1. With no solvent and one equal point scatterer per Cα, compute the Debye intensity ratio I(q)/I(0) for the range 59-126 at 0.21 Å⁻¹ and report its log10, rounded to two decimals.
2. How large is the helix-only mean residue ellipticity at 222 nm for the chain, computed as the sum of -39500 (n - 2.57) over DSSP H runs with n ≥ 4, divided by its residue count, in deg cm²/dmol to the nearest 500?
3. With just the Cα atoms of the chain, tell me how far they stretch along each of the three principal axes, in Å, largest first.
4. Please find the FRET efficiency linking S209 to A287, where r is the Cβ-Cβ separation and R0 is fixed at 56 Å, and quote it to the nearest 0.05.
5. Can you give the angle from 0 to 90° between the axis of helix 321-336 and the longest principal axis of the chain, with both taken from C-alpha atoms, to the nearest 10?
6. Let me know the Rg and Dmax you get for the range 186-265 when you use only its Cα atoms, in Å.
7. Taking every DSSP beta bridge with both residues inside the chain, roughly what % is antiparallel (nearest 5)?
8. Considering only DSSP states other than H, G, I, E and B, which GluC sites (Glu not before Pro) in the range 323-400 qualify as loop sites with at most 13 other Cβ atoms within 10 Å?
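All of the numbers you see were taken from the coordinates with simple rules; none came from a lab. Every value quoted in this text rests on a predicted model; they were computed, and no experiment measured them. Backbone-built Cβ (ideal geometry, glycine too); neighbour counts: all protein chains shown.
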Amino acid sequence: MTDVSMIIDGERRTAPTTFAVVNPATGAVHAQAPDCSRDQLDAAFDAAARAFAGTTWSRDEAARRAALAQASALVRAAADRIAPVLVAEQGKPLAAATMEVRGASYWLKYFSRLELPREVIQDDDRAFAEVVHRPMGVVAAITPWNFPVMLASWKIGPALLAGNTMVLKPSPYTPRSTLLLAEVLAEALPPGVLNVVSGGDELGRWMTSHPVPRKISFTGSVPTGKHIAAAAAPDLKRVTLELGGNDAAILLDDVDPAAVTEKIFLGAFDNSGQICSAIKRLYVPEALHDDVVEALAARAAAAKLGDGMEPGTELGPIQNRPQFERVGGLVADAIAGGAKAATGGAPVEGPGFFYQPTVLVGATEGSRIVDEEQFGPALPVLSYRDVDEAVSRANATSFGLSGSVWSADPDRAGAVADRLECGTAWVNAHVALGPHQPFGGSKWSGIGVENGPWGLASYTEAQVRYRARS
Ligand code: NAD
């Protein structure tokens, strides 16, 4: 039995079977979620196709804007209901979970107001021509477990504003907050416009090989992103892939370690390091290395770990057991290779997937924790001699999501940041995101962007409308 339902064609639907959802703060099963059957997935795509082709949804922009504005208000009003569900399955502190739900509301509001791009490209004696953006049809959306509610809104907002309909699947690790979100949104959206189904990776594979969707919008890991690109190819489905990162932050030699410690700490450890664009490698000039490590280790050691429902918790657990074991394995591998933990370096004893916030010194390129995406509360600090060397080491990776440069002189930092090969280059900030900023990665970090007019355009097909005049 489960107390949350899928939403298919505007109706709440249970499934023939359920699957267990674990609370990462205890390591124990705390609830169930519906395990969508293949027939139910077909019904969801059928409902989405009918809502797209058989109703006024795709043609009535004003109605879509009104629905998204109402959706935004409903989500904000439901923050206190959705946030504890998010804490119980994801692990993050309640305040962060509430912020996440409010963030989703904010994103929906932004998209309810964003202009659909339309541009006159010729207006002369020969012709009038403009470029408009038509919806694609049904979108299949697949999300990960680190920000399930927020990342769903990044897809729902632009896809629906553009006139598409959607079938969305959250991660099997965090399905319930998204199902609750869908229940709230169903009050504002016509039946079939947004269908939300839950299940495992197999359900994701069914979605990406299904004949109905014209586009797949995916946020998750690089290996899954590659599978999805391959699954999309035979039908030439469009894809947006928001994948992993291995972000470098480079401190320049004029940085005051005390002044940047808190921001660097949050950039690396917020959400227990489980942010695609978190700082995953910190490059520090040799002269500053020891001071930076000391300050950062002290801050990390003081962080209050705990169940997200406990007041004062700063960092929750790692979200799931495989990820918990992976982070532990990467730290152990680094230490076996000669690195040292300035703080942390081990799991926390007791129930749940808690790992001590870890600052590593002496790890080098070639070690897994530097070369791979750790996606957890463990940060290698790497010293460098000159800035050119730091930039080339920062760029020597298959990832290219984002990066940052820190300095007392923002112009100096900006000149270095301009050389980073990644989708977002910050100066004196990291993980500073907004719905108006196109977010995406170069190289293996993804294909395409989300957010802003650029993200909106990716849910459309450009059409030239040409009228001859002579
Ligand atoms: P994941 O790739 O394991 O799973 C993501 C989703 O894909 C889940 O819903 C899963 O069920 C589904 N899935 C798995 N295999 C599939 C397949 N073959 N076909 C279709 N669907 C499939 O990722 P995760 O572990 O849930 O999330 C962590 C990863 O996500 C990290 O690498 C992180 O960097 C990345 N991420 C990226 C962004 C971004 O915007 N770039 C944001 C958040 C997370």
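1. Ignoring solvent entirely, the Cα scatterers give -0.83.
2. Numbers: 15 runs with 179 residues, N = 470.
The per-residue figure over the chain is -12000 deg cm²/dmol.
3. Computed over the Cα atoms, the extents are 68, 65, 40 Å.
4. On the way: r = 55 Å, r/R0 = 0.98.
That pair, S209 with A287, gives E of 0.55.
5. Here the helix axis deviates by roughly 30 degrees.
6. In order Rg, Dmax, the Cα atoms of the range 186-265 give 19.8, 57 Å.
7. Working: 31 of 70 bridges.
Given both bridge residues lie in the chain, the antiparallel proportion sits at roughly 45 percent.
8. Numbers: sites: E325, E349, E365, E372, E373, E389; in loops: E349, E372, E373.
Here the sparse-neighbourhood loop sites are E349.
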